[in-house]
Each structure stands twice: as structure tokens, then as C-alpha cells.
Amino acid sequence: MSRKTSKSDNFFSNKVAVTFTAILILAGLFVAAFFLTTFIVEKVGDNDTPVLPEITLEDKSEQQEVTTSGKSESPETTAPETTQKQETTAPVVQDNTPGNVDYPSDDASWKLICLNRSRYVGSEVENQINLSYVAGSGELMDSRAAAAYEKMYDAAAGDGIYLTPCSGYRSYSTQKRLYNEFFNEYLYQGYSEEEAHNLTSKRRNPPGSSEHNIGICMDIICASSSANFQNTKAYAWLDAHAHEYGFILRYPEDKVSVTGVKFEPWHWRYVGVENAASIKNSGLCLEEYLGLA
């Protein structure tokens, strides 16, 4: 004889069924939410754009060294390949390296200061230069040279020529670091210190020997800053008018044997209006004009 089911039994069974069903539904929702969240996080991660660090002035100088390689002092390509990477040696040039040329305190002497691989200023020069930005650019120059460059830029722009400033002031410390990097790369390849210095000096001016280190020059670009710059309208304008604003072509093509630097049609040096006119008319480079050749 079968047992008769009471109402209380049915109620209990239904309650268990409902509870079990609810648990299954909640578990399913939890699993679905987990996978959905994971999917969203992965998609956001795939499309997230990394935040780039801010570029400091010193970083900018370093970048210019790379992007304008071959535009200042000497033909500079890439660093020599290394055969075996070693621990970086102590800097070859120290911060307290004295210069054999005093940084002029008077304006007349400053305009004609001559720096090259045998004539250089010391590291203290960084504290003696009054720098200012060339208007409309992120390039620094000595304030006196910057003012003259702005006048020249405006005059050229009036003729439809744009003398885009590319590389002006470069700190002594930056020049030192760049020189030492090349020097150490040669040491890694097994060259002696003397050989490394000789090789490095052909590609990078030692700190204090570059006109960029005192903010008295500017590398100018147009469509390009390679040797083809000499074939641009910008170069033709500079050749005809730069002296009117106090600038000279520092490293002429016919004076390589004197300056020790290859032809750089983009490198223009400030010497003042009177000096510039006299140097241009003489046909001499700065070393010859000053009797230092």
C-alpha cells in the first residue's frame, strides 16, 4: 500500500528544488561575469597606449645628436660595432678638465673666439653663458647670437626662405658624454687609449672644442641637412646675405685642410656684422683670419 504524500512534503520538495535552481543560476552568472571581465581586461590591455616619458632639454639634445648625425664638427655616422661588451670605463674627460682658451668676458673678443680640436674651453663655461631660445623654436643659443639669428630668419622669411634652426647650443656635459661613448666603444674593440682617442676625435669633437658648446652657432636645415643643403635656396640665400646679420659659413669646402672639418653648408657661426663682412670679403676661414692657421 503506497504512502500518501502530505502537503508539507510537497512544500519541502519544492523549496529544495527552488533553492538548488537558484544556486545553479547564481553560479552560472558568476562564471559568466568572470569570463566577461577577463575578456574586457584583455581587450583594454591590447589597446592601451603606453605613456611616454616627458622629454627634458638634455634628452632633446641627445636626440638631436642622433637625428643630426653628421651635421656638426666632423663626419659622424653610427657608433662603431662592438665585438665584446664590457663594463663602461670611467669617463675619459672629467668635469674639471681645464680649457686652454679663456671664455671671453667682453663682447668683441667673444665674437671672434675660435674653438677647434686644439683650442677648447673648460667645463666652467656652462655657468658663463647667457642662453635664450630662438623665437619660435626649441633651440637655444647665446642670447646675443639668438637675437641676430631671429633677425636673419625674419629677413629670409620675407624672401620666402625659411632657415629652420636644427641644432644650436649643446652643453659641455652632453659633449663630454657623447665623446666618451665613442671612446669606450673603441676600447671595447681592443684599441689602445691613444688609438681610441685618435679615432674618436675624427668623429666627435672633444668637449669644449665645439662651437655648439658656447651657443655661438646654428645648424640650419631646409629640405635636408646633408651635403645637398648647398644646392637649396636656403643655402644660396645664406651665402648672399648671412654676413649682413653677422653669420659666416664656418667650415667652407675649400678650407678642410685648415679647419680639419669637412664641408658643412648647414653650420653657420655668429661673429658680428662687421667681422662677418670682413671675413667674407677676405675669402679666409676663421683660423686664417685670426692668424691661427
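The residue of the stretch 117-128 that is surrounded by the fewest Cβ atoms within 10 Å (Cβ to Cβ), among those that are under 27 Å from THR259 (Cα atoms) and out of contact with any Ser or Thr (no Cβ under 9 Å at 6 or more places or on another chain), is GLU124.
Would you say LEU163 is in contact (Cβ under 8 Å) with a residue 60 or more places away in the chain and either buried (at least 17 other Cβ atoms within 10 Å of the Cβ) or out of contact with any helix residue (DSSP H, G or I) (no Cβ under 8 Å at 6 or more places or on another chain) (or both)? Against the criterion (in contact (Cβ under 8 Å) with a residue 60 or more places away in the chain and either buried (at least 17 other Cβ atoms within 10 Å of the Cβ) or out of contact with any helix residue (DSSP H, G or I) (no Cβ under 8 Å at 6 or more places or on another chain) (or both)), LEU163 qualifies.
Taken together, the residues in the stretch 104-128 that are over 19 Å from PHE247 (Cα atoms) and in a loop (DSSP other than H, G, I, E, B) amount to 7.
Assess whether TYR153 counts as being among the hydroxyl-bearing types (Ser, Thr, Tyr) and not in a helix (DSSP H, G or I). So TYR153 fails the test.
Is it true that some residue in the stretch 171-185 is in contact with a strand residue (DSSP E or B) (Cβ under 6 Å, 6 or more places away or on another chain) and part of a loop (DSSP other than H, G, I, E, B)? No, there is no match, as no residue in the stretch 171-185 is in contact with a strand residue (DSSP E or B) (Cβ under 6 Å, 6 or more places away or on another chain) and part of a loop (DSSP other than H, G, I, E, B). Being modelled with pLDDT of 95 or more and under 16 Å from the mean Cα position of the chain (by Cα) is a property that TYR186 lacks.
Among the numbered conditions (1) in contact with a strand residue (DSSP E or B) (Cβ under 6 Å, 6 or more places away or on another chain); (2) in a loop (DSSP other than H, G, I, E, B), the only one that ILE161 does not meet is (1). When the helices (runs of 4 or more DSSP H) confined to the stretch 188-278 are screened for residues that are within 29 Å of ALA135 (Cβ to Cβ) and touching a residue at least 24 places away in the same chain (Cβ under 8 Å), those reaching at least 2 such residues are found at 233-241. Scanning the stretch 279-293 for residues that are in contact (Cβ under 8 Å) with a residue 40 or more places away in the chain and of a type outside the set (D, E, K, R) turns up LEU286, LEU290, LEU292.
The values are calculated or read from the model by the stated rules, or taken from the named source; none is laboratory data. The model shown is predicted, which means the values in this text are computed figures rather than measured ones. In this analysis, Cβ positions are derived from the backbone assuming ideal geometry, glycine residues included, and neighbour counts consider all displayed protein chains.
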